[in-house]
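Comments concern the structure below.
The values are calculated or read from the model by the stated rules, or taken from the named source; none is laboratory data. Keep in mind it's a predicted model, so treat the numbers as computed, not measured. Backbone-built Cβ (ideal geometry, glycine too); neighbour counts: all protein chains shown.
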């Protein structure tokens with residue numbers, strides 16, 4: 001516990017300043033897309049799920065956001081793949097504009113919902129990309145619905161260290177945070193236009209929140225204060241699959257930020273150790289809990305070569321260690 005606190009303090013206080021490749025995403029790439037034409041309401045296990053479906057005949061990629069997130073967490077990534085892949089990004093039940101599920105929120109039931117969504121959309125084999133809790137869910141999909149998953153990408157995935165946390169204090173804090181973020185969301189236009197307020201709002205998730213654009217930050221804050229938050233946090237801390245991870249036989253890419261304040265970077269290697277030789281680890285230096293938002297060009301290049309089944313070129317992995 002003392003080591004965890006020391007790591008958090010170091011990551012929060014010792015920030016050398018972003019290099020030129022940090023936050024190199026182009027807002028025009030996602031602002032030019034008419035997302036309204038791709039949004040669908042899909043009935044999944046008895047409740048309506050809010051889904052972005054880019055369509056097309058390309059190999060499908062299913063993108064799963066984390067706790068407190070929404071499909072917009074992938075705004076800097078979807079445009080890079082929608083010309084070659086059918087991209088499916090959902091609001092998990094109880095988040096974004098998806099209804100609360102009829103069944104209790106658990107990691108296993110979220111995996112069922114992802115599998116059922118694929119069934120509804122006629123997707124047989126998919127690549128699953130999940131961040132934080134979304135990685136936890138993605139790995140569970142690969143375990144419980146093995147024939148559904150062709151490749152798996154775990155981005156700062158939850159599921160290992162969280163099982164050692166004490167539940168009740170965190171759940172109490174979560175309820176307080178849910179109330180606070182619900183109120184803050186009403187004023188998030190004011191938050192996103194001020195760099196210092198952006199940092200205060202997102203400093204535990206993103207290494208340099210002030211470098212994200214106001215427009216992108218606004219879209220990320222759409223996921224805060226949703227009714228599924230507390231139950232999903234409880235689900236995170238109520239289930240362990242570490243003794244089953246070796247059953248995942250598909251290729252796995254594990255991507256992490258070296259300065260992740262939400263999930264320890266040591267978990268990246270632990271995932272690889274538990275999954276086995278079919279898993280590969282890449283750690284981005286000077287990066288927090290959302291590598292796909294903080295270093296989108298690098299993340300997209302890595303994902304593209306992983307989908308192609310080829311080793312990453314040196315230019316794609318500069319500033320990372322494996």
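Tally the residues that are out of contact with any strand residue (DSSP E or B) (no Cβ under 7 Å at 6 or more places or on another chain) and assigned to a loop (DSSP other than H, G, I, E, B), restricting the search to the range 251-269.
Of all residues in the range 251-269, those out of contact with any strand residue (DSSP E or B) (no Cβ under 7 Å at 6 or more places or on another chain) come to 259-264, 266-267.
Still in the list and also assigned to a loop (DSSP other than H, G, I, E, B): 259-264.
Of the residues in the range 251-269, 6 are out of contact with any strand residue (DSSP E or B) (no Cβ under 7 Å at 6 or more places or on another chain) and assigned to a loop (DSSP other than H, G, I, E, B).
Has the range 207-228 got at least one residue that is in a strand (DSSP E or B) and more than 30 Å from residue 32 (Cα to Cα)? Steps first, please.
Step one: filter the range 207-228 for residues in a strand (DSSP E or B), giving none.
No, that holds for no residue.
Do we have residue 51 as buried (at least 24 other Cβ atoms within 10 Å of the Cβ) and either in contact (Cβ under 8 Å) with a residue 24 or more places away in the chain or under 18 Å from the mean Cα position of the chain (by Cα) (or both) here?
Values: buried (at least 24 other Cβ atoms within 10 Å of the Cβ): no; either in contact (Cβ under 8 Å) with a residue 24 or more places away in the chain or under 18 Å from the mean Cα position of the chain (by Cα) (or both): yes.
No, not satisfied.
Pick from 200, 174, 139: which is closer than 21 Å to residue 292 by Cα, at pLDDT below 95, outside any loop (DSSP other than H, G, I, E, B) and under 21 Å from the mean Cα position of the chain (by Cα)? Let's see the steps before the verdict.
Working: 174 fails: closer than 21 Å to residue 292 by Cα; 139 fails: at pLDDT below 95.
That would be 200, the only listed residue that is closer than 21 Å to residue 292 by Cα, at pLDDT below 95, outside any loop (DSSP other than H, G, I, E, B) and under 21 Å from the mean Cα position of the chain (by Cα).
If I go through the range 218-240 residue by residue, how many of them are closer than 21 Å to residue 75 by Cα and modelled with pLDDT under 90? Before the answer, list the steps.
Quick first cut of the range 218-240, residues closer than 21 Å to residue 75 by Cα only: 218-226.
Still in the running and modelled with pLDDT under 90: 218, 220-226.
Final tally of qualifying residues: 8.
Within the range 80-88, is there a residue that is surrounded by fewer than 24 Cβ atoms within 10 Å (Cβ to Cβ), farther than 24 Å from residue 217 by Cα, in contact with a helix residue (DSSP H, G or I) (Cβ under 9 Å, 6 or more places away or on another chain) and modelled with pLDDT of 95 or more? Write out each step before concluding.
Taking the range 80-88 first, the residues surrounded by fewer than 24 Cβ atoms within 10 Å (Cβ to Cβ) are 80-86.
Within this subset, residues satisfying the condition of being farther than 24 Å from residue 217 by Cα are 83-86.
Now drop any that are not in contact with a helix residue (DSSP H, G or I) (Cβ under 9 Å, 6 or more places away or on another chain), which leaves 84-85.
From what is left, the residues that are modelled with pLDDT of 95 or more are 84-85.
The answer is yes, given that some residue of the range 80-88 is surrounded by fewer than 24 Cβ atoms within 10 Å (Cβ to Cβ), farther than 24 Å from residue 217 by Cα, in contact with a helix residue (DSSP H, G or I) (Cβ under 9 Å, 6 or more places away or on another chain) and modelled with pLDDT of 95 or more.
Tell me, yes or no, whether the range 93-107 has at least one residue that is part of a helix (DSSP H, G or I), within 21 Å of residue 263 (Cβ to Cβ) and at pLDDT 95 or above.
For the range 93-107, residues part of a helix (DSSP H, G or I), within 21 Å of residue 263 (Cβ to Cβ) and at pLDDT 95 or above: present.
Quick one: residue 253 ticks every box in (1) modelled with pLDDT of 90 or more; (2) under 24 Å from residue 29 (Cα atoms) bar one, so which box is it?
(2)
Being part of a helix (DSSP H, G or I) and under 18 Å from the mean Cα position of the chain (by Cα) is the filter here; which residues of the range 235-244 pass it?
Quick first cut of the range 235-244, residues part of a helix (DSSP H, G or I) only: 235-236, 242-244.
Across the range 235-244, the qualifying residues are 235, 236.
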